[in-house]
Ligand SMILES: Cc1cc2nc3c(=O)[nH]c(=O)nc-3n(C[C@H](O)[C@H](O)[C@H](O)COP(=O)(O)O)c2cc1C
Ligand code: SF4
Ligand code: FES
């Protein structure tokens, strides 16, 4: 009998390893024929550790299992799928999952992520095999036709980037996967790397073969030790089975893949800083042009894409560009892997077509706050994203519709705060974070952010408030206009939105003084 | 404590010989071997990668992961980024400070050292932390110190 206990690090953080051990120990003592499979997480993180038991009716789930409770659960019939207070029924029928449209995350949580044969039986390598029968130009055309846009934040069409690289002539080209995922409130890249690493390998291999790049790198932040191990293990297996190396799946084509590890720098998620870091240097931002697609890693033409962008490619190849293009909202095609985070009752992964409203995500999927208090604000798109209030609930979640409201989708992280949050503290933090993580190249970002902290402190203290409010506005303008990258350029977004929506938190006396 | 055998380090770093693009990897290698990057290791890296000491030093200081002094027996990393703030990480940090563990000074007390991190990718189960690399969700000062004492015992 198969019992599933997730190996995802979010599940580990609430005790999944000791649950798995307890089940194995008790099964041994009782002489039960139990195989514990360490699957990825289903993304219903508030239910972790979520134990699943295989039954003839499907996989029955037991939520928030602790190691101490395992003996009692087994005595009460958990291994037979009994109806118990902890059970959530057949997991595949859970409304949280049935309402989603899992495309990129289709395999995450189903099986042992490191089992390469299971990967194949769940549809893995079909996209690569299809791509191997096509010309590079045709693969790129499919990616363009699918409407796939970059999931790292900017939403740039992936096909256009790839086309630039395929058309470039060079003795060496590269594919670099941006797995720096530094935005607070985001964890989709991590969960995919831990929960379905072969999909990322397949997507990168397709990219490499399509544009003629024989080497690839995955740049993973050091805060993700489990993802680093998962990717390294999976790469070794893919090599052994011939899906990576000098002769990819017997095609005679070459693609080699390696992991590189960051070292605690947020700005290294910016693509040119990432290239510098991949070259072993300080992570300072390069001016553009030249664009990395032409002058990238070691000066060579380079595809840089986010994990989610590259992981969408196998499905696009296997099921056709039209199938992906058919999903979505206006110019945002396909599905988005939203991440519900912060003070939320039901946090986790919601993959669904673009266009779902913010309110539906937060109330429908998220079910309000974890603390049970009213929601005050939500930050969308990471530390450089805007704070919005509940008036934004009807906004369709897509690139253009969010931009129209002055917000941005970023990497799809949504962080919920209850009414105990002080927005002046959040604005101050945004400036502090910028000061801490600035690469140092531009004065507005490096120095302006430190000034920003001081000015916010003076505003809150009621010190020459109207003068300092003006100063903050000036500072925000200089940062927006005078920064080379979005680190300094977008830090004003959370600051201004917090001030605009919640002036009372800044102790603003109307009329100033 | 800062003793290491130069020859051992040279052997560890051998794959990076003559490779100027390997500075960051070499620093990681040294830190994973010794727990920190002693000043004299910068010279070994410079020589191995065939770059100046200044270049190695520049990389070493840019990245917050690298430490110049040995870590405590147990290092607790607490996430202080927004999603964890929404779940009370400011309070966890304050509670830890009240017990002598300051994320800014990072002073070790009884073999335990507490540091801050910006997002550990566990933003739905915050406050998130790592105790010597072991992930902990829904953290409190008590749960972290209990886990840390277990490790540093
Ligand atoms: C300060 C800063 C941090 C960024 N961090 C990330 C990151 O962690 N992951 C990522 O994929 N993109 C990040 N980006 C965006 C990248 O620069 C780049 O647009 C992206 O990797 C391109 O891939 P995509 O087209 O697939 O989105 C960041 C940008 C900035 C300005
Ligand atoms: S805006 Fe900030 S992070 Fe970006 S290049 Fe300028 S100094 Fe560096
Ligand atoms: S914000 Fe704390 S783990 Fe992501």
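Values quoted throughout were computed directly from the atomic coordinates according to the rules given, and no laboratory measurement underlies them. In this text the structure is predicted, and so the values were computed from the model without any measurement. Because the Cβ atoms are built from the backbone with ideal geometry, glycine has one as well, and the counts that use them run over all protein chains shown.
Odds and ends about this structure:
- Of all residues assigned to the stretch A:164-173, at least one qualifies as being farther than 22 Å from residue A:333 by Cα and within 14 Å of chain B (Cβ to nearest Cβ).
- Boolean, residue A:109 is over 23 Å from residue A:255 (Cβ atoms) and assigned to a loop (DSSP other than H, G, I, E, B): yes
- Residues of the stretch A:255-272 that are in contact with a helix residue (DSSP H, G or I) (Cβ under 6 Å, 6 or more places away or on another chain), crowded, with 24+ Cβ neighbours inside 10 Å and facing chain B (nearest Cβ under 10 Å): A:262, A:266, A:267, A:268.
- Of the helices (runs of 4 or more DSSP H) entirely within the stretch A:150-244, those holding at least 2 residues that are crowded, with 24+ Cβ neighbours inside 10 Å and within 16 Å of ligand 3 (Cβ to nearest atom) occupy A:188-195.
- The set of residues from the stretch A:431-455 being more than 14 Å from chain B (Cβ to nearest Cβ) and not in a helix (DSSP H, G or I) comprises A:442, A:447.
- Qualifying residue in the stretch B:12-29 (condition: touching a strand residue (DSSP E or B) at 6+ places or on another chain (Cβ under 7 Å) and either farther than 19 Å from residue B:152 by Cα or within 10 Å of another protein chain (Cβ to nearest Cβ) (or both)): yes
- Any hit, the stretch B:100-109, residues being part of a helix (DSSP H, G or I) and more than 16 Å from ligand 3 (Cβ to nearest atom): no
Matching residues to (1) within 16 Å of ligand 3 (Cβ to nearest atom); (2) within 14 Å of another protein chain (Cβ to nearest Cβ); (3) assigned to a strand (DSSP E or B); (4) touching a helix residue (DSSP H, G or I) at 6+ places or on another chain (Cβ under 8 Å):
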site	(1), (2), (3), (4)
A:305	no, no, yes, yes
A:309	no, no, no, yes
A:313	no, no, no, yes
A:346	no, yes, no, yes
A:350	no, yes, yes, yes
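- Qualifying residue in the stretch A:419-430 (condition: within 16 Å of ligand 2 (Cβ to nearest atom), part of a helix (DSSP H, G or I) and under 26 Å from residue A:361 (Cα atoms)): yes
- Checklist (1) more than 10 Å from chain B (Cβ to nearest Cβ); (2) within 19 Å of the chain's Cα centre (by Cα); (3) within 17 Å of residue B:126 (Cβ to Cβ) applied to residue A:47, failing item: (2)
- Here residue B:44 fulfils each of the conditions (1) facing chain A (nearest Cβ under 8 Å); (2) outside any loop (DSSP other than H, G, I, E, B); (3) over 30 Å from residue A:498 (Cα atoms) apart from (1).
- Being within 7 Å of another protein chain (Cβ to nearest Cβ), within 16 Å of ligand 1 (Cβ to nearest atom), under 26 Å from residue A:383 (Cα atoms) and in contact with a helix residue (DSSP H, G or I) (Cβ under 9 Å, 6 or more places away or on another chain) is a condition met by no residue of the stretch B:126-142.
- Only one entry in A:466, A:497, A:483 is more than 16 Å from ligand 3 (Cβ to nearest atom) and within 14 Å of another protein chain (Cβ to nearest Cβ), namely A:497.
- All positions within the stretch A:370-418 that are facing chain B (nearest Cβ under 10 Å), crowded, with 23+ Cβ neighbours inside 10 Å and part of a strand (DSSP E or B): A:377, A:378, A:379, A:387, A:413, A:414, A:415, A:416, A:417
- Filtered residue count, the stretch A:456-513, keeping only those that are more than 16 Å from ligand 2 (Cβ to nearest atom) and in a helix (DSSP H, G or I): 26
- Subset of the stretch A:321-344 [away from ligand 1 (no atom under 16 Å from the Cβ) and touching a helix residue (DSSP H, G or I) at 6+ places or on another chain (Cβ under 9 Å)]: A:321, A:322, A:323, A:325, A:329, A:330, A:340, A:342, A:343, A:344
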